[in-house]
């Protein structure tokens, strides 16, 4: 490009730049302004922002702010801001936006603080009961809109500091009355100096009407002591400059009066609530007046009498109440009462001095005089307070449960009258003889009164029998007993019962010629008193076992008698039942003859086979608490078993007959269905067995508990061919196994066993089982130094035993006792056993002891750490090994490191020596480092160096 063209191009760029710059300044340039005392110039209420922009802004744009505190202070169209409405010191930004060029510019105003105006002339006042006084309310000026900044700092003047100021809120109640000084400070803003306003606040005492105490009286109280009742006595802590007022009682003559006449108050108005107000006015209008109310409550009272009549069970238990209606209003109430101390509540309506209530029957015991007492009353409708004082004397009453009970009977039968829970004149259950009558009312309503008679009562109960001669016809009867000299309960003592007439009778009968082998059965009917008519009599024959009916028929007859024969010849051999029955109603009550069905068993060729039994039977007498009887003989038979003395005797022996040793008995059997007895008798001979009791040379043998002795270890003597059986008691008791462990001092009983029978006599054996207590040792750990070559003698230092010898073992059971010269061995548990030389018994358990071989003081055993070794396989000093360390410090660890901190070897008791190798390779000659953790007591770890030289 030539020079001419270059200059032309530069000029074009210059003018283009000026054009763009003019367009960018349509919103003006940013500007900053500082205003220190905005409150000093009223013009600051219309502060124009647009002239404050730099450059050449174009009008027509809009203004905005991101600070919500300034939103209403700014006119967004005109850019006029009211600086008096910006109530926070500091920097405030306003942005001008020109949409024509889409540009903005910002005006920043650094605004100095305004603390408001001093208030020190006594116009700042608060009441002493205000716990939230806003101090901001005491700043400002008389110019509208001139308000202090809100982000300043309130502080108490040191001369009146209280500690009850939190931000701008002062707790005047906590601070108390007085004058307090506060400062409100806004700090420096750039070059604008901070400013302070002062408030002098006077806290005035609030009026105190005191704490009131109301008074409650009952309407029947004696008010004579309250004719000059000073209301001031019912206040506590009140200001003395208050006045009393009341509502239309006429008790207060003027504002200076505080005396009322409660007697006159009650005489004029009766019971009710009467309110008197005590008012105290403040000494400064910043406080409000205060007042309290004292109520004089005169409560209505239940004052009257109650009555409760003696009543019968299942009636309502009503209590009548009469009371002074001048002391109690009409309405619905709940009555609280007690019956013999048990509490109940009943509802009632009381009107003009009368009312009644029903008590809970579950609270009232029967046949016992109880005491009922009213103990409280509560108003339900209308709801009013009622005096808790109840002036009602108690009353007594009784609920009786006397009654007479008679079961239905048949004609001409006696009637039994059960009379229960009759009380004597003292209200107790009657005991003894009482004069009695009864009135009998018959079905035709005729009555008969019995003669007086003495009736014996026991605990209120008696039984009266009315002869059956009074009940010749059926129907409804009533018996009403009357018992003289008993408690007048007015309970109806009567009962109605039914007398049932007798039904017609009928008689049936069966006659079998031979029950064991019948050939003929006669059926007889005898009904001579039946009226004329047709009756059906049914008979049948049924096979026993299968219940199959083989023969059946009916007999029709008209009155009188009838007879019929049942053909049984065609029946096969077997057992049968023949029966005859009438279809008469055999459930008819009061029927005298109940034989409406007759049944009888019989057989055809039915003689039972002979029983089976051993001819000779032996009885062990020890198996019987009493002598054996015929019942104990073992017999197998069908049917019932029958015993006789001889083969021909006809007298059957009772099954409870006591057996006689060596005696012969004869047994047969019979069919229980037909009573047919067998013709063959079996002979049985009984024998008794009772071996002689064992004997012993020592009934109190001695055993050692550690051998776990059993019954098999006791020596007793029995006859040849016999054995011993053991029991827990002298007779009866539990059989004991021979392996039963013996218990010291417990008695065991031995019997001779021969042929399965044990002797009834038993031998008593009471063994002594000696238990030796485990060894008493002072510790279960023995601390020694293994370098001293300790022996068993060292273990004996733990022995505390004084009565027995102590043996030491290396086994928990068994083994051989150690002699004192036996060296102790590491990792071995030793056991101490007590031995009683007098009895030869040892303790059943051995006490274990572990041995700690590390109780060595290193300085006493020349303990040292080598500073080198030469692993050259010459048999001398071939390993790095610390002598005796595994004994003195059994839990030690050893670590070998090279000069780079690499671990070459880790050792402990199981691997104590380093052979100069690093795994599979050989460590070179040189200096190495060791770290030893002794892991014992307070011994600190140690580290050092060693030299390896091959």
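Worth a mention:
- On Cα atoms only, tilt of 3-24 relative to the major axis of the chain in degrees: 60 degrees
- Cα-Cα separations in the range 24-111 greater than 18 Å, expressed as whole percent: 37 percent
- The percentage of C-alpha pairs in the range 781-852 whose separation is greater than 14 Å is 57%.
- Rounded to the nearest whole angstrom, the semi-axes of the ellipsoid equivalent to the range 287-420, taken from the Cα gyration tensor as √(5λ), stand at 48, 13, 12, largest first.
- Efficiency of FRET between residue 289 and residue 93 - r from beta-carbon atoms, R0 51 angstrom, step 0.05: 0.45
- Translational diffusion of the range 442-508, estimated by Stokes-Einstein from the Kirkwood radius over alpha carbon pairs at 25 °C in a medium of 0.890 mPa s, is 165 µm² per second.
- The range 211-298: translational diffusion in µm²/s, Stokes-Einstein, Kirkwood Rh over Cα pairs, 10 °C, 1.306 mPa s: 116 µm²/s
- For the chain, taking Cα atoms only, Rg and Dmax work out to 63.2, 179 Å respectively.
- Pairwise Cα inverse-distance average, inverted: Kirkwood Rh of the range 664-728 (Å): 17.3 Å
- Label-point separation, residue 169 to residue 813 (7 Å along Cα→Cβ), nm: 8.4 nm
- Segments 777-784, 75-82 sorted - mean Cβ within 10 Å per residue, highest first: 75-82, 777-784
- Restricting the calculation to Cα atoms, the range 84-242 yields a radius of gyration followed by a Dmax of 26.9, 101 Å.
- Value at 222 nm in deg cm²/dmol, rounded to 500, when DSSP H runs of n ≥ 4 in the chain each add -39,500 (n - 2.57): -1000 deg cm²/dmol
- Computed lengthening from residue 476 to residue 315, 0.36 nm per intervening residue step minus Cα-Cα distance: 55.3 nm
- Efficiency of FRET between residue 562 and residue 590 - r from beta-carbon atoms, R0 25 angstrom, step 0.05: 0.45
- Enclosing the Cα atoms of the range 858-948 in their convex hull gives a volume equal to 101 cubic angstrom per residue.
- When the convex hull of its Cα atoms is viewed from all sides, the range 878-918 shows a mean projected area of 3.0 nm².
- Stokes-Einstein translational diffusion, the range 616-689 - Kirkwood Rh over all Cα pairs, 1.306 mPa s, 10 °C, in µm²/s: 123 µm²/s
Where a number appears in this text, it was derived from the coordinates with a stated rule and is not lab data. Note that the structure is predicted; figures quoted are calculated from it, not measured. Here Cβ is always computed from backbone atoms with ideal geometry, including for glycine, and neighbour counts include all displayed protein chains.
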